[in-house]
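Report on the structure given below.
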Amino acid sequence: MDKYIVKISKRRGLPGLACFRLSVSRDIPLGRDLMRMLALVALVTATLGLNVYASTLDELELISGASSITIIDNGAGDNNPADGTIAYINSNFNGWTISVASGTSHAPGLSPFGLDLATLVDTCTGGGCTTDSLEIFFTDVDFSEPVDDDEFTSTFSTTQTGSGSASESAWFSNLDTAFSQQNLIGTIGPFSASSVGTASGGSTDAVPDYSLTLEQVFTDSSGTAVSYSADGDITAAVPEPASIVLFGSGLAFCVIGFRRRRLS
């Protein structure tokens with residue numbers, strides 16, 4: 001059976017990065033230990049780049065005329081037990097039939113988005129909804145990635161039938177309070193037909209910790225049946241942390257030092 005020797009020696013790598021050379025020669029068993037070592041390196045690399053989403057401070061609020069309700073994550077009215085996501089269902093909210101209004105937060109991070117609000121189907125078939133708009137807010141606090149001014153982006157898409165309008169507005173707040181509308185990122189719409197749009201903005205830097213808020217507004221302008229399926233989010237141009245970039249580059253650099261040589 002082949003046997004190997006592993007020699008590990010420190011060598012020069014990238015600035016600030018300890019790099020080691022692995023020399024492998026036949027003498028003692030290695031295969032399984034080497035596989036474990038490589039698996040450990042892969043695990044460390046993956047862990048450094050991993051975002052853990054565990055926010056339970058997100059809130060969803062619905063308003064239509066005199067009707068209003070606020071749902072906190074994992075509180076009464078939340079139909080999704082996962083942390084960072086709220087799902088609300090109501091067959092008659094001031095005349096609006098809400099199949100589901102669902103918000104997801106990735107606080108404290110912004111990847112792949114900070115907030116997302118999906119209103120799968122809102123239908124008005126009569127009652128207060130024929131005169132009262134439906135406003136849906138989703139918010140969360142403690143976002144920790146700094147964002148320069150004008151680097152936030154909000155997107156909004158709506159598929160709709162009937163005569164009405166749909167729009168979305170997005171804000172961030174350095175006050176770090178729920179539902180704060182301190183700094184407008186942008187407003188998309190109102191759309192009177194199925195559409196997609198984006199808005200970018202933010203007149204000042206977002207300084208950690210800060211909050212994000214999305215608002216979607218739906219109206220019935222004809223008093224007849226109207227329905228919507230919409231989705232929107234907030235993202236930002238956030239550079240990859242330099243430490244992770246250096247670590248990844250350093251691993252590639254260190255691989256050069258892994259050589260296998262046979263004993264003569």
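The values are calculated or read from the model by the stated rules, or taken from the named source; none is laboratory data. Predicted model only: the values in this text are computed from it and were never measured. Neighbour counts are summed over all protein chains in view; Cβ atoms, including those assigned to glycine, are modelled from backbone coordinates with ideal geometry.
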Counted residues in the stretch 75-99 being modelled with pLDDT of 95 or more and β-branched (Val, Ile, Thr) come to 3
Out of the residues in the stretch 134-158 that are crowded, with 16+ Cβ neighbours inside 10 Å and among the polar types (S, T, N, Q), state the one that is farthest from residue 67 (Cα to Cα). 153
Within the stretch 54-75, restricting attention to residues that are under 19 Å from residue 142 (Cβ atoms) and in a strand (DSSP E or B), which residue is farthest from the chain's Cα centre (by Cα)? 70
Check the stretch 153-171 and report whether any residue there is touching a Ser or Thr at 6+ places or on another chain (Cβ under 6 Å) and of a type in the set (Asp, Glu). no
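Hey, which of the strands (runs of 3 or more DSSP E) in the stretch 164-264, taking only ones fully inside, have at least 1 residues that are at pLDDT below 95 and touching a Cys at 6+ places or on another chain (Cβ under 7 Å)? Break it down into steps so the answer makes sense when it comes.
Values: elements: 164-173, 183-191, 195-201, 210-220, 226-236.
Fully inside the stretch 164-264 and qualifying: 210-220, 226-236.
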Expected single match for surrounded by fewer than 17 Cβ atoms within 10 Å (Cβ to Cβ) and assigned by TED's automatic domain parsing to the domain that holds residue 98 among 131, 123, 213 is 131
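Residues checked against (1) in contact with a Phe, Trp or Tyr (Cβ under 6 Å, 6 or more places away or on another chain); (2) without any contact (Cβ under 8 Å) to a residue 40 or more places away in the chain:
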residue: 189; (1), (2): no, yes
residue: 192; (1), (2): no, yes
residue: 209; (1), (2): no, no
residue: 218; (1), (2): yes, no
residue: 224; (1), (2): no, no
